[in-house]
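Below you'll find the structure, written out as structure tokens, and then a few comments.
The values are calculated or read from the model by the stated rules, or taken from the named source; none is laboratory data. This is a predicted model, so every value here is computed, not measured. A quick note on method: Cβ atoms are made from the backbone with ideal geometry, for glycine too, and the neighbour counts reach across all protein chains shown.
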Amino acid sequence: MNLLPKRLQPGDTIGIVAPASPPNQESLERSYAFLEKLGLKWKLGRHVKDVNGYLAGTDDDRLADIEAMFADPDIDGILCAGGGYGSARYADRLDYQLIRENPKVFWGFSDITYLHTAIGTYSELVTFHGPMLASCVGKDTFHELSAKLFQQLFEPMELHYTEEIGPLKTVAGGVASGELTGGNLSLLASGIGTKFEVDTKGKILLIEDVGEEPYRVDNLMNQLRLAGKFADAAGIVIGDFAKAEPKKEPSLSLEEVLEFYTGSLGKPVVSGFKIGHCEPHFAVPLGTLSRLDADAKTLTILPGVE
């Protein structure tokens, strides 16, 4: 059983880190009003404003910010400002024992998938796949439902995803239960063959991505197939694949590609979940028990905090 982080309380202080690319500072500042509404105080990591090419400061500095927030007894949870690229560059140097001994809410998605997988594997901590401050919360497009899902950090709540949120498609029928794992498809594929390879055995695998054409998604899906990740999984949750239109014709459609790799596995697969680079963005805990009912088109996930 994975460790659950302690729930947040109004008045708590959250640490803000930029583990990957430089976040948009204006958008980040706009997100503070939302944190105030939640009753939270915040503290910026020392290097959140650093710019080192396409990275938010050096690897050492981004690593130090994350470890400092986990180590600081005055910090109650950690929210990522944005994604982009760069989390994997220091994953092999993170102090997973420190994280395990200081279990806190850790929230982000996209490039942060690499850290979710790493922390889940080596710290056995439940983390959250959810919209980030600069890239989502501080924007005009931030959706009411996305905002509402932050409440799962303040009280243990079972999440229920149904077609009330949006249309879902049963790719393959059946019912399966297992720990929810996964996240961004590109990052999951880049972990294959490393010590941060995602473990899907008996689990419900979540995949999403952005800006990848069908032939690229095909390549990534094939990588996971060859590594046995689909065969090992109990079921598959297909999240949002934004900006995935082919730039050249002829092309297979995104739907054809996803269904080619998941439709004949003999296990439940449902597509259309608003999880990923989309609004609303339905935030979910990774590492807790979930149940995918592909016939009823529902996903139920146990609480991510204690």
So which of Ile16, Ile66, Ile99 is surrounded by 15 or more Cβ atoms within 10 Å (Cβ to Cβ), of a type in the set (Val, Ile, Thr) and closer than 23 Å to Leu145 by Cβ?
-> Ile16
Residue, surrounded by the most Cβ atoms within 10 Å (Cβ to Cβ), within region 263-306, restricted to residues that are on the phi < 0 side of the Ramachandran plot and basic (Lys, Arg) | Lys267
Could you run through region 188-205 and say how many residues are touching a Leu at 6+ places or on another chain (Cβ under 8 Å), among the β-branched types (Val, Ile, Thr) and either surrounded by fewer than 20 Cβ atoms within 10 Å (Cβ to Cβ) or within 16 Å of Arg225 (Cβ to Cβ) (or both)?
-> 2
Per the list (1) in contact with a helix residue (DSSP H, G or I) (Cβ under 7 Å, 6 or more places away or on another chain); (2) in contact (Cβ under 8 Å) with a residue 60 or more places away in the chain; (3) buried (at least 21 other Cβ atoms within 10 Å of the Cβ); (4) not hydroxyl-bearing (Ser, Thr, Tyr), residue check on Val257 breaks on (2)
Would you check which residues across region 262-306 are among the hydrophobic types (A, V, I, L, M, F, W, C), assigned to a loop (DSSP other than H, G, I, E, B) and within 23 Å of Gly173 (Cα to Cα) and list them?
-> Leu265, Phe273, Ile275, Phe282, Ala294, Ala296, Leu302
Output yes when any residue across region 242-255 is within 21 Å of the chain's Cα centre (by Cα), closer than 20 Å to Ser110 by Cβ and either at pLDDT below 95 or of a type outside the set (A, V, I, L, M, F, W, C) (or both), and no when none is.
-> yes
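Yes/no per residue for (1) surrounded by 16 or more Cβ atoms within 10 Å (Cβ to Cβ); (2) of a type in the set (D, E, K, R); (3) over 15 Å from Ala18 (Cα atoms):
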position: Tyr90; (1), (2), (3): yes, no, no
position: Asp111; (1), (2), (3): yes, yes, no
position: Ala118; (1), (2), (3): yes, no, yes
position: His143; (1), (2), (3): yes, no, yes
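Yes/no per residue for (1) more than 17 Å from Ile301 (Cα to Cα); (2) of a type outside the set (A, V, I, L, M); (3) buried (at least 17 other Cβ atoms within 10 Å of the Cβ):
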{"position": "Ser135", "(1), (2), (3)": "yes, yes, yes"}
{"position": "Asp140", "(1), (2), (3)": "yes, yes, no"}
{"position": "Phe150", "(1), (2), (3)": "no, yes, yes"}
{"position": "Glu155", "(1), (2), (3)": "no, yes, no"}
{"position": "Glu164", "(1), (2), (3)": "no, yes, no"}
{"position": "Val175", "(1), (2), (3)": "no, no, no"}
How do the pairs read when you match residues in region 30-56 that are assigned by TED's automatic domain parsing to the domain that holds Arg89 and hydroxyl-bearing (Ser, Thr, Tyr) with residues anywhere that are surrounded by 13 or more Cβ atoms within 10 Å (Cβ to Cβ) and modelled with pLDDT of 95 or more, using Cβ under 7 Å and keeping only pairs 6 or more apart or on different chains?
-> Ser31/Leu133; Ser31/Ala134; Ser31/Val137; Ser31/Gly138; Tyr32/Trp42; Tyr54/Ser21; Tyr54/Gly84; Tyr54/Tyr85
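Okay, residues lined up against (1) of a type in the set (A, V, I, L, M); (2) touching an Asp or Glu at 6+ places or on another chain (Cβ under 6 Å):
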position: Ser123; (1), (2): no, no
position: Val126; (1), (2): yes, no
position: Ala172; (1), (2): yes, no
position: Ser177; (1), (2): no, no
position: Glu208; (1), (2): no, yes
